[in-house]
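The values are calculated or read from the model by the stated rules, or taken from the named source; none is laboratory data. This is a predicted model, so every value here is computed, not measured. Here the Cβ positions follow ideal geometry from the backbone for every residue, glycine too, while neighbour counts run over all protein chains shown.
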């Protein structure tokens, strides 16, 4: 059983939801492009993009996606490469692959219509319980709780919820309390209000408690223990990786290889990698042309610090096609791209930056 600190508001207390709703109406975010609509496609797209990404970053991607894929049918029938290309730079690329799979499922299994219930939405690829609840609440008025990262922070602080969210049982307990706090009416504004509080006031560091509409109900604020919540003891172990990155140039083209369907940057087009400089030197023995060593850099991912050493090798323009084909035969998933075509493809953000430099 999760422990709740003394003085926490009763889960059924209507003052909490009423204050959240009123604050959202007066001070919340109400003009974002995915708001003021009950179109589940637009709400779903925004919810997926906003996972682990700031609103300011999402805005331009969201508009470009809608221009290219105005509805779920357009997205579901598009090639995955087109989806990854538009997603390039937004990060967490599994979201893009699941977005495509989900659109295909909606088109092929649901006649192009999103299910109306959160329980059914959660069965679709890439839609978890909280995302499903957000879509169902915003689009269909279902009285159901959400529990994304921001909302977990708000509710654990308000409730003084001391359960360790690294444990499934404690997370279930928080879901139950979140459900008890739901209002009888106004679920759309209440849901948005919790999101807005977490994104604008109840920040991980330096929360603006004096501006918060539920400060008097908040255990963490009243006991000056905001940094204790949420409790999650399991830490993600970071790994380290290091590679030589080969930028192979021939005439006006660059050789890119498509990465495997799983793992880091799955399905994106990238440069060939070598574990060490010695491995590259052995593989490139006898190549025509010359190498240019470019500045090394570290690319930081959620679980990984990746040091990359780019090396640009330019093959002489006179090199024949047969000789070039021999040089690249070790990368069967690769092909030559013009600069323009490469930048239009799905690329990892550091490669896009490198090619543009």
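Would you confirm whether any residue within the stretch 229-239 is part of a strand (DSSP E or B) and surrounded by fewer than 17 Cβ atoms within 10 Å (Cβ to Cβ)? Taking every residue of the stretch 229-239 in turn, at least one turns out to be part of a strand (DSSP E or B) and surrounded by fewer than 17 Cβ atoms within 10 Å (Cβ to Cβ). Residues of the stretch 19-36 include none that is over 26 Å from residue 183 (Cβ atoms), in contact with a helix residue (DSSP H, G or I) (Cβ under 8 Å, 6 or more places away or on another chain), at pLDDT 95 or above and assigned to a helix (DSSP H, G or I).
Please verify whether the stretch 112-132 includes one or more residues that are closer than 24 Å to residue 231 by Cβ and in contact with a strand residue (DSSP E or B) (Cβ under 8 Å, 6 or more places away or on another chain). No, the stretch 112-132 contains no residue that is closer than 24 Å to residue 231 by Cβ and in contact with a strand residue (DSSP E or B) (Cβ under 8 Å, 6 or more places away or on another chain). Only residues that are touching a residue at least 12 places away in the same chain (Cβ under 8 Å), part of a helix (DSSP H, G or I) and either under 30 Å from residue 305 (Cβ atoms) or over 29 Å from the mean Cα position of the chain (by Cα) (or both) were counted across the stretch 212-226, and they come to 5. A Cβ distance below 9 Å, combined with a sequence gap of six or more or placement on separate chains, defines the contacts here; from the stretch 104-125, residues that are at positive phi reach residues that are not in a loop (DSSP other than H, G, I, E, B) in the pairs 112/72; 112/73; 112/76; 112/106.
Counted as qualifying within the stretch 88-167 are the helices (runs of 4 or more DSSP H) with 1 or more residues that are closer than 20 Å to residue 178 by Cβ, within 17 Å of the chain's Cα centre (by Cα) and at pLDDT below 95, namely 149-159.
Within the stretch 270-287, the residues that satisfy the criterion of being within 14 Å of residue 309 (Cβ to Cβ) and free of Cβ contacts under 8 Å to residues at least 24 places away in the same chain are 278, 281.
So that you can scan it fast, the table gives a plain yes or no per residue for (1) surrounded by 14 or more Cβ atoms within 10 Å (Cβ to Cβ); (2) modelled with pLDDT of 95 or more; (3) within 21 Å of residue 106 (Cβ to Cβ); (4) in contact with a helix residue (DSSP H, G or I) (Cβ under 8 Å, 6 or more places away or on another chain):
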position: 42; (1), (2), (3), (4): yes, yes, yes, yes
position: 45; (1), (2), (3), (4): yes, yes, yes, yes
position: 53; (1), (2), (3), (4): yes, no, no, no
position: 56; (1), (2), (3), (4): no, no, no, no
position: 60; (1), (2), (3), (4): no, no, no, no
position: 78; (1), (2), (3), (4): yes, yes, yes, yes
